[in-house]
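What follows is a set of notes on a single structure, which appears directly below.
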């Protein structure tokens, strides 16, 4: 049930949905005052959620800052790499990586430089249509195809959300008698919730944020006044994560 509710929530909390609802109400309502108010609301929401400066400021406040490799110690037993970074192309029968794949590629650098001994790829299927597509299995297959050792890549393939990520990773760590220290590798916007969930199960880790959406806080004309539609996607990610954090908190998941 929680899995299905999270999918519905993802649709309801996107700014594009709010803007569309306001514009549709402005178009079809018969009350002139209400039509005007919803039109103004729709335009306001569009300008707000496409403002680069506002978007960057909010993301900058939420994301966990990235850490330089030079700040790490070379003694991590494993990097816990969270999924949600790829999907399976059924037409071409191969994996396709998304923007968040920065998580796994940054981890590979840490592995090659000797900062982590093993990679723990976490994530089953988050798909409603293809529940048998196990992301961690697909990622491990890809990595082995390009030369990585089987024994250095551990996978957790049952989880469908961050809470289950932590729950099933704990079972794997206990079975392998792995005590840490661990490096948590996930997107900066997701790091707070991820670490909180893992700490719930007694898994403490050092944050290694990747895939940052925020940049330098620079006062530039175009960021203040010219709409940037790519900001809506960033707000989608941020709002989904924020509401997810709130729901997890009140559900006792962290």
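Of note:
- All of 24, 45, 82, 59 fail the test of being in contact with a helix residue (DSSP H, G or I) (Cβ under 9 Å, 6 or more places away or on another chain) and surrounded by fewer than 17 Cβ atoms within 10 Å (Cβ to Cβ), apart from 24.
- Take the conditions (1) crowded, with 17+ Cβ neighbours inside 10 Å; (2) at pLDDT 95 or above; (3) farther than 19 Å from residue 189 by Cβ; residue 103 misses just one of them, which is (3).
- In the set (1) out of contact with any strand residue (DSSP E or B) (no Cβ under 9 Å at 6 or more places or on another chain); (2) modelled with pLDDT under 95, the condition left unmet by residue 72 is number (1).
- Test result for residue 222, at pLDDT 95 or above and either over 18 Å from residue 161 (Cβ atoms) or assigned to a helix (DSSP H, G or I) (or both): no
- Among residues that are touching a helix residue (DSSP H, G or I) at 6+ places or on another chain (Cβ under 8 Å), assigned by TED's automatic domain parsing to the domain that holds residue 121 and surrounded by fewer than 22 Cβ atoms within 10 Å (Cβ to Cβ), residue 200 is included.
- Answer residue from segment 62-76, given it is outside any loop (DSSP other than H, G, I, E, B) and in contact with a helix residue (DSSP H, G or I) (Cβ under 9 Å, 6 or more places away or on another chain) and is nearest to residue 171 (Cα to Cα) among those: 76
- Hits in segment 152-191 (condition: touching a residue at least 60 places away in the same chain (Cβ under 8 Å), in a helix (DSSP H, G or I) and touching a strand residue (DSSP E or B) at 6+ places or on another chain (Cβ under 9 Å)): 162, 165, 169, 188, 189, 190, 191
Conditions (1) in contact with a helix residue (DSSP H, G or I) (Cβ under 9 Å, 6 or more places away or on another chain); (2) in the same structural domain as residue 179 (by TED's automatic domain parsing); (3) at pLDDT 95 or above, marked per residue:
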residue	(1), (2), (3)
87	yes, yes, no
107	no, yes, yes
110	yes, yes, yes
118	yes, yes, yes
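- Selection count, segment 116-151, where residues are under 13 Å from residue 81 (Cα atoms) and in a loop (DSSP other than H, G, I, E, B): 2
- Check on residue 38, in a helix (DSSP H, G or I), closer than 26 Å to residue 239 by Cβ and without any contact (Cβ under 8 Å) to a residue 40 or more places away in the chain: yes
- Flag for residue 233 being in a helix (DSSP H, G or I) and either at pLDDT below 95 or on the phi > 0 side of the Ramachandran plot (or both): yes
- Any chance residue 131 is surrounded by fewer than 21 Cβ atoms within 10 Å (Cβ to Cβ), modelled with pLDDT under 95 and in contact with a strand residue (DSSP E or B) (Cβ under 7 Å, 6 or more places away or on another chain): no
- Among the residues here, residue 30 does not qualify as in the same structural domain as residue 178 (by TED's automatic domain parsing) and free of Cβ contacts under 8 Å to residues at least 60 places away in the same chain.
The values are calculated or read from the model by the stated rules, or taken from the named source; none is laboratory data. In this text the structure is predicted, and so the values were computed from the model without any measurement. Positions of Cβ are backbone-derived with ideal geometry, glycine not excepted, and every protein chain shown enters the neighbour counts.
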